[in-house]
Structures are given as C-alpha cells and as structure tokens.
Amino acid sequence: MKATMLSLLIVGGVFVPIGLKTIHGVRNGIYTNLDVSDQTQRQKWFIATTVLLLGVTIIIWVTDQDRTLRLAVTCALILLLVAQVVNIAVKASMHLAFHTFLGLLIFHFSWASGILFLFFSPFLAWSRLYLKRHVLKEIIVGIILGAIFGGVFLVLV
C-alpha cells in the first residue's frame, strides 16, 4: 500500500501534470513539439517541472520516507536544476540524462537489470539524432549529467 501511494504521489504529482501541460502547450502553440525541443521554450517547461518535483521531494522528506527514495528523488531534482542552468548554453538531452540516471539507480538494486536498461542508451541516442531533436554534443551532455547524478546517488546510498 505504501509503495502504491508513493508511486501515485510521484506519477500524479509530476508526470501527469507535466504530460498534460506539455500536450496543452503543443495544442496551443506554446511548444513546437512534445519533446519541447526549442531551447527557449524549454526554460518555462523546466520551471514547471522543477516546482512539481520540488513539491514531491519535500513531501517525501517531510513524511520521512525510505532514505534511498529520498536520495533518488533529491538527486533527480538537482539533476533537473543543473540541466536548467546548462540549458542556457547547451540544450542537453533530458531523455538521455534521465535514462542514464535511472539506469544507475536500477544498477543499485540489480546490476544485471541496470546494465540491461543502459543497453538501450545507444538506441535512444540514435532516435534523438534521427528525429533531429538533438545534435551529438547535446546527447553527450545529457549522458554526462545523468552519469554524474546517478554516480552521486550510488556514492551516497
């Protein structure tokens, strides 16, 4: 029951509102596409996402949830904040940043599952290039950001 409630908090507190905001933004011409690929449009998306994730992070800390969950969510929040600052100069691939980050989180629980998850990174990178959402530099920056904060998580946990 506790895991279900925490999942609902994270999905309902971050993913659903951001998904709806993104769809609404595309339909109303605020965002060019669902990837929010335009660097200037992305700044507003970052702010909304950061506020939601900050709220969820505070709830998780205030309710004294499991230390591993608190660290994972906090690292994700800091990753998002750093990516927002980096976005001023380079539009880092958030797909690759969070894919790498999540792969390292999974690695903590099961090295085989983490490796399997990370196995799909080249395919994800290729899709970002193929769809012309990113250039190679932006993909590399995304991977580096994800690796840094995934690594921080692994050291702290």
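The values are calculated or read from the model by the stated rules, or taken from the named source; none is laboratory data. The structure presented is a predicted model; accordingly, all values stated were derived computationally and were not measured. Ideal geometry is used to build each Cβ from the backbone, glycine not excepted, and the neighbour counts take in all protein chains shown. Heads up: the accessible areas ignore ligands, DNA and RNA and are worked out on the full protein's heavy atoms, side chains in. Shrake-Rupley method; radii C 1.70, N 1.55, O 1.52, S 1.80 Å.
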* Under 22 Å Cα-Cα from LYS44, which lysines qualify once same-chain neighbours fewer than 8 residues away are excluded? -> LYS21, LYS91, LYS132
* Distance between modelled label sites at LYS132 and VAL11, nm, 7 Å Cα→Cβ extension -> 3.6
* Asked: By accessible area of protein heavy atoms, probe 1.4 Å, what ranking do TRP126, TRP61 get, highest first?
  -> TRP126, TRP61
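For the chain, what is the accessible area per residue in Å², given a 1.4 Å probe and the full set of protein chains? Intermediate values should be presented prior to the final figure.
On the way: 8890 Å² over 157 residues.
Per residue, the chain has an accessible area of 57 Å².
Give the peptides 98-105, 131-138 in descending order of average Cβ contacts within 10 Å, highest first.
98-105, 131-138
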* Taking +1 at the Cβ of each Lys and Arg and -1 at the Cβ of each Asp and Glu, which of THR49, PHE101, ALA72 sits farthest along the dipole of the chain towards its positive end, judged by Cα position relative to the Cα centre? -> THR49
* **Sites ALA89 and ALA112, calculated FRET efficiency, Cβ-Cβ separation with R0 30 Å, nearest 0.05** => 0.25
* To do: Output the relative contact order of segment 99-142, whole-number percent, from Cα pairs under 8 angstrom with separation of 6+ residues.
  => 25
* Structure fact -> With all protein chains in place and a 1.4 Å probe, ILE47 shows an accessible area in Å² (nearest 10) of 90
* Surface accessible to a 1.4 Å probe, LEU54 within the full protein complex, Å² -> 80
* **Candidate aspartates and glutamates for bridging to LYS137, where Cα separation is under 19 Å - those fewer than 8 sequence places away on the same chain excluded** => ASP35, ASP38
* Asked: In whole angstrom, how far apart do the alpha carbon centroids of segment 67-93 and segment 38-64 sit?
  -> 10
* From the list [x] 11, 37, 32, 15, 5, 0; [y] 11, 36, 39, 13, 1; [z] 10, 37, 34, 17, 1, can you say which value of P(r) over Cα pairs in 10 Å bins from 0, in percent was derived from the structure given? -> [y]
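Over segment 2-135, what is the mean sequence separation of C-alpha contacts under 8 Å (at least six apart), divided by residue count, expressed as relative contact order in percent? Don't jump to the answer; show the numbers that get you there.
On the way: 81 pairs, mean separation 24.5, N = 134.
Worked out over segment 2-135, it gives 18 percent.
Ranked by accessible surface with a 1.4 Å probe, highest first, in what order do THR4, THR57 come?
On the way: THR4 75, THR57 10 Å².
So the residues, ranked largest to smallest area, are THR4, THR57.
Report, in debye and to the nearest 20, how large the dipole of the chain comes out about its Cα centre when Lys and Arg carry +1 and Asp and Glu carry -1 on their Cβ. Walk me through the numbers on the way to the answer.
Values: 12 positive and 5 negative charges, 62 e Å.
Dipole of the chain, to the nearest 20 debye: 300 debye.
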